[in-house]
Amino acid sequence: MPNLTAAGAMQAIIETALLEMPTGVLRQALVDAFRSERQSLLDIEDAFRELTARKHAPANLRRFFASWAKTNHSAASVAGLANRITLLVRSNAGCAALQKLYEVCSDLQRITDEDLGALGGVLHADLFYIMASALCGDDEWLLKSNCLPSAHQFKDWTDQQRLRARDLIKGLLTTLVHEVYTHAEVEFIHPLYQIWFEQHMGIEPERVRYIVAWVTVHTNGTEKNHFGHAVNATTAFTDAMQTEISAPSARTLFTEYLRRKADVMRDCAASLH
């Protein structure tokens, strides 16, 4: 694991994960996009360091968590993408690609299993609610008025790619970059949050593990495994449709995702003042 206290820790986590990908257009497009947006990742790290450096007013924390949540809660959108794949299957009944398309759906569902409680655990939205409400002092962070415009725009854009874009590959590519990015984010913030909760936010030591559970459940390979399923889903879809990934198009989409995410986190950091 890279040194999480050093600048560029998220970049190092991501590049380590990408090394485990099969070589090819997808991996190179991801590598190129993340390297070109290195400053975006550094700005995101700075936003989380700003958050965890001290105690903040509840009103400021409500804006941070309402907005950050918009960039994380993607299970419904990914499930909707799987719905679109099954509709494609129904409209092509009897074609030779059906099995591959079902494999796409299966991999997308493995991404959302934990989020949606399909494995018997707590819904991840409930874990986020516990964390954010404990830190903000109440659940007013849920009010839409606390969500920053850039966060609304980020969510609208990712939903557009997964749920409304005519080309289904856009939704798969959005899921792909989201999962590997999120792997880096949760691994980076986990130790920061644990210290911040106890030392600055007054969470009793025995409750820290409970309050930080939303982050913990996504660490130790959970998101990296989801990334693997996203890779499999994308590959199975291109095989089924007998198409190829356009490297420039993929790189452009990955880059836009990172720029939009960084815009949200810069605004979140500014909202703390």
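A compact table of results
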read-out	value
Candidates 243, 222, 112: whichever shows maximal mean-square fluctuation once the chain is modelled as a Gaussian network with Cα springs under 10 Å	243
Lys, Arg +1 and Asp, Glu -1 on Cβ, resulting dipole of the chain about Cα centre, debye, nearest 20	600 debye
In the chain, lysine pairs closer than 18 Å at Cα, eight or more apart or cross-chain	8
Computed helical MRE - 222 nm, the chain, DSSP H runs ≥ 4 contributing -39500 (n - 2.57), nearest 500	-23500 deg cm²/dmol
Between helix 9-18 and the chain: long-axis angle, C-alpha atoms, 0 to 90°, nearest 10	20 degrees
Carbon plus sulfur fraction of accessible area for the chain, probe 1.4 Å, in percent	51 percent
Global size of segment 89-235 as Cα Rg and Dmax, reported in angstrom	18.1, 61
Under DSSP loop assignment and at most 13 Cβ neighbours within 10 Å, longest trypsin sites (Lys or Arg not before Pro)-free interval of the chain	56-165
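The values are calculated or read from the model by the stated rules, or taken from the named source; none is laboratory data. No experiment lies behind these values; they were computed from the predicted model shown. Because the Cβ atoms are built from the backbone with ideal geometry, glycine has one as well, and the counts that use them run over all protein chains shown. Only protein heavy atoms, including side chains, enter the accessible area calculation; ligands, DNA and RNA are left aside. Shrake-Rupley method; radii C 1.70, N 1.55, O 1.52, S 1.80 Å.
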